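These notes concern the structure reproduced below.
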Amino acid sequence: MKSCFYRDKWSALIKETADNHALKRLSRQIAYSFLDYYLKDCHYKKEYIDLLCEMTTFSEDAQLNNSGAQALFGIILETLCDDFEELQTVTYNKVMTQVISYCRNIPAGKELDLALRDFGIYSSQDLLDRITKIRADESSLSPRKCVRKILLLSRVTIGADVAITSVIIQRLTKIFPEAEIVLIGESKLEEVYGGNSRIKIRKVSYSRKGGLLERLSSWHLVLQIIQQEIASCPLEKTILVDSDSRLSQLGVLPLIPLDNYFFFDSRSDTSLNTKMSMAELANAWVNKLVGEEEFCYPKVWIPKSYLDCATRFCNALRNNGAERIIAVNFGVGGNPRKRVGRLLEEKLLLTLLNEPNTVIVLDKGFGEEELAYINSLISSIKEQGYPVIHTLFDSQNNAEINRGIIGVQSRIGEVAALIAKCDEFIGYDSACQHIAAALGTPCLTIFAGSNNMRFIRRWSAYGPNTSHIIHVDTLTDPSIIDVDDIITRIMHARKMRNV
C-alpha cells in the first residue's frame with residue numbers, strides 16, 4: 001500500500017472528529033504495512049514512520065496520541081527487539097533515530113533538541129553513527145581503575161532487572177567494592193532490591209503506554225539525576241552502565257561522555273550469546289568487559305519486613321497441616337499473547353489441588369481488570385468444592401486452611417517474599433519466574449506467545465535451583481491447543497524434578 005493512501009486517510013480523519021477507535025485502526029494498518037515491506041525484502045518505508053510520528057504528536061489530548069504510539073512501539077519496535085538478530089537491531093536503531101529526529105523538530109520537542117545539541121548531536125545520522133560506534137566498541141574496564149560511583153540504568157521491567165541488572169550489580173560490587181551503586185529506575189525496585197544497603201535507588205518512571213514525547217521525557221529526568229550524581233563525585237571516577245534500557249531507548253539517546261559509558265548489547269547476534277539466557281549473557285559481557293572470569297546468579301534483595309510477614313504467613317499454613325505450598329501467578333505483564341487461557345488455568349489449579357494437603361497461594365495481580373479475573377477464577381474453584389480464602393499479604397486470615405486456594409492481593413515485593421517461602425512457583429513468562437529462579441525456589445514457566453527459540457532461551461528463568469519451561473505454541477493454530485496435554489507435561493516436569 002502506497003504511503004499516499006494512508007496519508008489521505010489520515011488527512012480525512014483529522015478533518016472529522018477523530019476518535020480513538022479510528023485512530024487505533026489506522027495506526028495499526030500503517031504499522032503492519034511498514035512490516036509488510038520490511039519482512040519481504042527489508043525495504044524501509046521512512047514515510048510510514050513519519051506518519052506514525054505525526055499521529056503520536058498531533059493533539060494536546062494524550063489519549064488521542066496514544067494509539068499511534070502503541071502501534072509504533074508495540075507493533076514495530078517490539079517486533080524488531082524480540083528477534084535477537086543483527087539486522088533487526090540495526091533497523092530498530094534506524095527507526096528510533098528517525099523518531100527522535102522527528103520529535104526534536106516539532107514545537108513540543110524544543111527541550112529534546114537543546115539537550116541533544118549539548119551532546120553535539122544535530123541530525124538523525126549523528127544519532128545513528130553514535131549507537132553504531134557504541135555497539136562496535138570493545139573497550140575494556142580495568143579492575144584497577146579508580147571507580148567511586150557506578151550509575152546503572154534499570155531495564156524498566158522487574159523481570160528483566162532481576163535477570164540482568166542484579167547480575168551486573170553483584171559483579172561490579174565485587175570488582176569495585178568501594179564504589180557507590182546508583183540504580184536509576186522505577187520505585188518498585190525498592191521492593192525487590194531494597195534489602196541491599198549498597199544499592200541507592202534513584203526513582204524515575206517510564207510510561208510504557210504513554211505517548212511518544214511522554215516516553216522520551218524520561219530521558220530528561222535521567223539526565224538530571226546523572227548531573228546530580230556527578231556533582232558529588234568527579235566524572236573521571238564515575239561510570240554509567242546502560243543495561244540496554246528503555247530509559248535511553250536501548251542506547252540511542254546519549255547520557256554521559258562515551259569514555260564513561262558501557263553498553264550491554266543484549267540484542268546482538270554474536271557467537272557469544274547463541275544459547276545463553278540473559279543472566280548468562282550478562283555474566284559473559286562483564287567477563288569480557290573486565291577481563292576476569294566470574295559468575296553470579298540473578299538475585300533479589302527483598303526487605304526484611306516482607307520476608308518476616310511471608311514467613312508468618314506460610315508457617316501458619318504448615319502448622320495447620322499444609323504439606324505443600326505452591327505460589328502461582330497468572331499475570332502476563334500486559335501482554336495477552338503470553339496467556340494460554342482460562343481453561344488451562346482452571347484445570348491446572350484443580351489438578352494441583354488433587355495432591356493431598358496442598359495450598360495454592362494465587363497472586364491476584366495488579367489493577368482492577370486482573371483482580372476481577374482472578375476473583376472469577378477462584379470462584380470457579382470454590383464451586384468445585386475446594387476451600388478458598390481471599391486475603392491481603394499482611395493479613396493472618398489463613399489460620400483455618402490446610403488445603404485449597406488463598407487469593408492474595410499484594411505488591412511485587414510481597415509476592416516475591418511469598419515465593420521465597422513457598423515450596424515451588426508456577427506461572428507464565430513474567431517477572432515472578434525470574435524472581436523465583438533468583439530465590440532458588442523451584443520454578444516452572446508456561447512459555448507462550450513466542451515461537452522464537454532464541455527469545456525463549458534468552459528469557460527463560462535462570463537460577464541456582466531447577467527451572468523448567470513448558471512451551472505452548474499459541475501462534476500456529478490456537479484452536480488445536482490441547483490443555484490436558486499441557487497439564488500432563490507440567491505434572492511430568494514437576495515429578496521429574498523431584499526424582
What number, in percent, do you get for the relative contact order of region 141-290 if the mean sequence gap of Cα pairs under 8 Å and at least 6 apart is divided by its residue count?
-> 29 percent
Using amide H atoms built 1.01 Å from N in the peptide plane, name the residues 5+ places from TYR261, or on other chains, whose amide H lies under 5 Å from its own.
-> LEU240
In whole angstrom, note down how far apart the Cα centers of region 300-344 and region 222-263 are.
-> 36 Å
Do the alpha carbons of any pairs in LYS24/LYS382; LYS203/LYS338; LYS299/LYS364; LYS145/LYS421; LYS94/LYS200; LYS46/LYS364 sit beyond 32 Å of each other, and which pairs?
-> LYS24/LYS382; LYS145/LYS421; LYS94/LYS200; LYS46/LYS364
Under 5 Å between amide H atoms, partner at least 5 residues away or on a different chain: which partners does ALA448 have, H built in plane at 1.01 Å?
-> ASP429, VAL472
nm² value of the averaged projected area, convex hull over the Cα atoms of region 96-205 = 8.6 nm²
Work the Kirkwood hydrodynamic radius out for region 339-420: mean of 1/r over every pair of different alpha-carbon atoms, inverted, in Å.
-> 13.1 Å
With N denoting the number of residues in region 205-257, provide Rg(C-alpha) divided by 2.2 N^0.38 Å, to two decimal places.
-> 1.20
For each of TRP10, TRP285, count neighbouring Cβ atoms within 10 Å of the residue's Cβ, then give the residues from fewest to most.
-> TRP10, TRP285
³J(HN,Hα), Karplus 6.51/-1.76/1.60, whole Hz, each residue of region 428-444, x for Gly, Pro = 7, 4, 7, 4, 5, 5, 5, 5, 4, 4, 5, 7, x, 7, x, 10, 10
Note on the chain, DSSP bridge orientation, antiparallel percent to nearest 5 equals 0 percent
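Can you put ARG155, ARG208 in order of Cβ neighbours within 10 angstrom, beginning with the fewest?
Ascending number of Cβ neighbours within 10 Å: ARG208, ARG155.
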Under a plain spin-label model, where a point goes 7 Å from the Cα along Cα-to-Cβ, how far apart in nm are ALA62 and ASP394?
-> 2.9 nm
Taking placed amide H atoms and a strict 5 Å upper bound, the residues 5 or more places from GLY331 or on another chain that come that close are TYR428
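Starting from the eigenvalues of the Cα gyration tensor, five times each then square-rooted, give me the equivalent ellipsoid semi-axes of region 216-312, largest first, whole Å.
26, 23, 15
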Distant alpha-carbon pairs in region 141-290 (separation over 24 angstrom), percent | 28 percent
Percent of Cα pairs exceeding the 24 Å cut-off, where the set is region 304-497 = 35 percent
Over the chain, relative contact order from alpha-carbon pairs under 8 Å, at least 6 apart, % = 13 percent
Distribution output for region 15-62: share of Cα-Cα pairs per 10 Å bin in percent, first bin at 0, values 24, 49, 21, 5
What ³J(HN,Hα) values, in whole Hz, does the Karplus curve 6.51 cos²θ - 1.76 cosθ + 1.60 give for region 45-57 when θ = phi - 60°, with x put for Gly and Pro?
-> 9, 4, 5, 5, 5, 4, 5, 5, 4, 4, 6, 8, 9
Sort PHE119, PHE393, PHE34 so that the residue with the fewest other Cβ atoms within 10 Å of its own Cβ comes first and the one with the most comes last.
-> PHE119, PHE393, PHE34
Residue separation times 0.36 nm, minus the C-alpha to C-alpha distance between LYS237 and LYS133: what's the value?
-> 35.2 nm
So what J values fall out for region 167-179 if you push phi through Karplus, 6.51 cos²θ - 1.76 cosθ + 1.60 with θ = phi - 60°, rounded to Hz, Gly and Pro as x?
-> 5, 4, 4, 4, 5, 6, 5, 5, 6, 10, x, 8, 7
What 222 nm value per residue comes from the helices of the chain, counting each DSSP H run with n ≥ 4 as -39,500 (n - 2.57) and dividing by all residues, nearest 500 deg cm²/dmol?
-> -14500 deg cm²/dmol
For region 3-135, what is the Kirkwood estimate of the hydrodynamic radius, computed as the reciprocal of the mean inverse distance between distinct Cα atoms, to one decimal in Å?
-> 15.6 Å
Translational diffusion coefficient, Stokes-Einstein: compute it for the chain using the Kirkwood radius over C-alpha pairs as Rh, at 25 °C and 0.890 mPa s, and state it as an integer in µm² s⁻¹.
-> 101 µm²/s
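Every number here is computed from the coordinates shown, using simple stated rules; none is lab data. Please read these numbers as outputs of a predicted model, since none were measured by experiment. For neighbour counting, all protein chains shown are included, and Cβ atoms are generated from backbone atoms with ideal geometry for every residue, glycine included.
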